[in-house]
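No lab work stands behind these numbers, since they all come straight from the coordinates. If you're wondering where the values come from, they're calculated on a predicted model, not measured in any experiment. As a convention, Cβ positions derive from the backbone with ideal geometry for all residues, glycine included, and neighbour counts pool all protein chains shown.
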Amino acid sequence: MKALLLGVLAALSLSPALARADTLVDNVNGETVAEDGHVVNFVALSFDDKGVITHVYARGEKLPKHPQYHVDGKGRVMLPGMIDAHLHVMALGFSALTLDLSDTHSLDEALAKIKAYAQAHPDRPWILGGGWNQELWKLGRFPTAAELDAAVPDRPVWLGRVDGHAGWANSKALEAAGVTSATKAPEGGEIVHGADGKPAGVLVDAATGLMDKAVPAPRPEDRDLALDTAQRILFKEGVTAAADMGTSIEDWQAFRRAGDANRLYVRIMSYALGIDNMVLIGGPGPTPWLYGDRLHMGGLKLFMDGALGSRGAWLKAPYADDPKTRGLPQLTDTQLRNLMSRAAMDHFQVAVHAIGDAANGEVLDAIEDLSQTYTGDRRWRIEHAQIVDPADIPRFGRNGIVASMQPVHQTSDRLMAEARLGPDRLKGAYAWHSMLAAGAHLAFGSDAPVEWPDPWAGIAAAISRQGPDGEPFGGWQPQEIVTREQALAAYTTGAAWAGFAEGKFGRLAPGYRADFIFVDTDPMLATPGEIRKTKVLETWIGGGKVWSADEPAKDTGEKK
């Protein structure tokens, strides 16, 4: 691992040996999104010793004859670095360093993997990880503590569901957390019980907090390793900037340690996890941009509901496959408005997780109320906006709302969404085209580690509404397909605008940071299937190369 980090450090954009004066990169098939939203082509660009673009050259334009430094693009496709508008940086790193069940397709397969992992790590007092999905397993129910006990009976096990909104514990873990038959679930959470009335092993949404006091907290050096791991994963996928949705003070300190040590390269737009972290990190207002536009905390992340897969998403009508519930709202209307107001009064941007149609409707109501008091350019963000009442979609076009959505959620969730909602409530599901048509500002991301931070799978899904298998034929709810230009914009200029970073990065234009990638596929011409297979050849940030496919890093936690 030390050798890997030294190799990465040697080629980073903060290094003055790479961010060179008068550097010309030519012989490229360049594409970037212009201010009007259209893709424009170019053949070369130059940047200065601060890693800021000084000129972009169109075909036929005269190039400088004697640049101080020269990089031959070898005729490759050059694009702006991709921006993931919604992920969890530290969770991505930790998911690559702990037990990962995202590739399991049955309960038996998962239990076998858990048992093998525990046997391979006898020194670990807890077995931690995540990525399980009972829907993918076709289990028809949640897994149980008893099943987990059979795999690991000797120490606590705590495994997060793929969406991060539920956790699976064995009996040792439940005991360590003090969760018994008498334990009441906190508001906005659920303790799943068995027929005998005892906790069955799964805690949903706010109830997962019951495990926090028992699970060992990561050490600072663990967090540093997780951040380094997450950065390498992102570079390999061509992601040069990301919105970190739910930054704790511990996460922020890891970001700052990396910045102070000249090891922070990905650009992080941070959104604090709750009011307490917002105040601890930002104090009276958003932080300045730090480390050459690599770190900024400008917003607050709130949760209005849970996730569809664990039936925590708050719906206007009962779930089609469980009429006993409409989901789990995490806040009352008064609590939501008070928290949003607390942030807005100090000019923090507000981002609210809302998946179900009832949750989205409530957040839209709150935005309309608060916009009368907190005027100006607020860019209220609704994260996910997965299931929206069609009658509410026009409201996304008011008050400068950002619809922060994840295209791969649609392809991953399609069958589950049909089961949860039934056929009559799908018209407002993952409605990207309708959001744009209503005037919303669209920003795309992955929600990693819920999904892999692969913008190419996201672009392919956005322009086809089909999964990797090409299903369904013609696309699912194909009226919601967006154009290639719109998809690329949502991963670049749209994602930058959503984080108040326009003018800094997201485009390849004079005055912007020289964040770019070389890829082997032209997303404006290739088929969705070809786009999914895109290989990132090089990733550059601030005029410095941080990833090369010719020099692959080892032990990246990569899944592809």
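Antiparallel as a % of all DSSP beta bridges within segment 119-238, to the nearest 5?
Counting DSSP beta bridges with both partners in segment 119-238, the antiparallel share is about 65 percent.
So what's the angle, to the nearest 10 degrees on a 0 to 90 scale, between helix 249-260 and the longest Cα principal axis of the chain?
20
With unit charges on the beta carbon (Lys/Arg positive, Asp/Glu negative), name the residue among A230, W126, F348 whose Cα is farthest towards the positive pole of the charge dipole of the chain.
A230
So, in nm, how far is label A150 from label E368 when the simple model puts each one 7 Å beyond its Cα toward the Cβ?
Going by the 7 Å Cα→Cβ label model, 5.2 nm.
Running Debye on segment 440-505 with equal point scatterers at the Cα sites and no solvent, what base-10 log of I(q)/I(0) appears at q = 0.27 Å⁻¹?
Once normalised to I(0) and log-transformed, intensities are -1.19.
Cut-off is 10 Å between beta-carbons; in what order do Y512, Y69, Y57 appear when sorted fewest neighbours first?
With the fewest neighbours first, Y512, Y69, Y57 line up as Y69, Y57, Y512.
What pairs from K138/K324; K113/K213; K65/K545; K65/K504; K115/K535; K213/K533 go past 32 Å between their alpha carbons? If you can, show how the numbers build up before the last one.
Working: K138/K324 21 Å; K113/K213 26 Å; K65/K545 23 Å; K65/K504 28 Å; K115/K535 34 Å; K213/K533 42 Å.
Listed pairs above 32 Å: K115/K535; K213/K533.
In square nanometres and to one decimal, what's the mean projected area of the convex hull around the Cα atoms of segment 144-200? The partial results should precede the final answer.
Numbers: hull surface 16.6 nm².
Directional mean of the projected Cα hull area for segment 144-200 stands at 4.2 nm².
With +1 on each Lys and Arg Cβ and -1 on each Asp and Glu Cβ, how big is the dipole of the chain about its Cα centre, in debye rounded to the nearest 20?
Taking the Cα centre of the chain as origin, the dipole is about 560 debye.
In terms of the Cα gyration tensor, with a ≥ b ≥ c the square roots of its eigenvalues, is the chain rounded because a/c is under 1.5, prolate because a/b exceeds b/c, or oblate?
Cα axes put the chain in the prolate bin.
Once you charge only the Cβ atoms, +1 for Lys and Arg and -1 for Asp and Glu, what is the size of the charge dipole of segment 177-303 about its Cα centre, to the nearest 20 debye?
240
Between helix 333-344 and the chain, what is the angle of the helix's C-alpha long axis to the longest principal axis, kept within 0 to 90° and rounded to the nearest 10?
Result, in degrees: 30.
I want to check the label-to-label distance for K324 and I249. Put each point 7 Å from Cα in the C-beta direction and report it in nm to one decimal.
Here the modelled spin labels are 4.1 nm apart.
Based on DSSP H runs of at least 4 residues, each adding -39500 (n - 2.57), what is the mean residue ellipticity at 222 nm of the chain after dividing by all its residues, to the nearest 500 deg cm²/dmol? It would help to have the intermediate numbers written out before the result.
Values: 16 runs with 159 residues, N = 560.
Rounded to the nearest 500, the figure is -8500 deg cm²/dmol.
So in the chain, what percent of DSSP beta bridges are antiparallel if you round to the nearest 5?
Antiparallel bridges make up about 45 percent of those DSSP assigns within the chain.
By its C-alpha gyration tensor, with a ≥ b ≥ c as the square roots of the eigenvalues, how is segment 457-560 shaped: rounded for a/c under 1.5, else prolate for a/b larger than b/c, else oblate? All intermediate terms of the calculation are to be shown ahead of the outcome.
On the way: a/c = 2.34, a/b = 1.30, b/c = 1.80.
Oblate.
Relative to the longest principal axis of the chain, what angle (0 to 90°, nearest 10) does the C-alpha long axis of helix 107-120 take?
For helix 107-120, the angle is close to 80 degrees.
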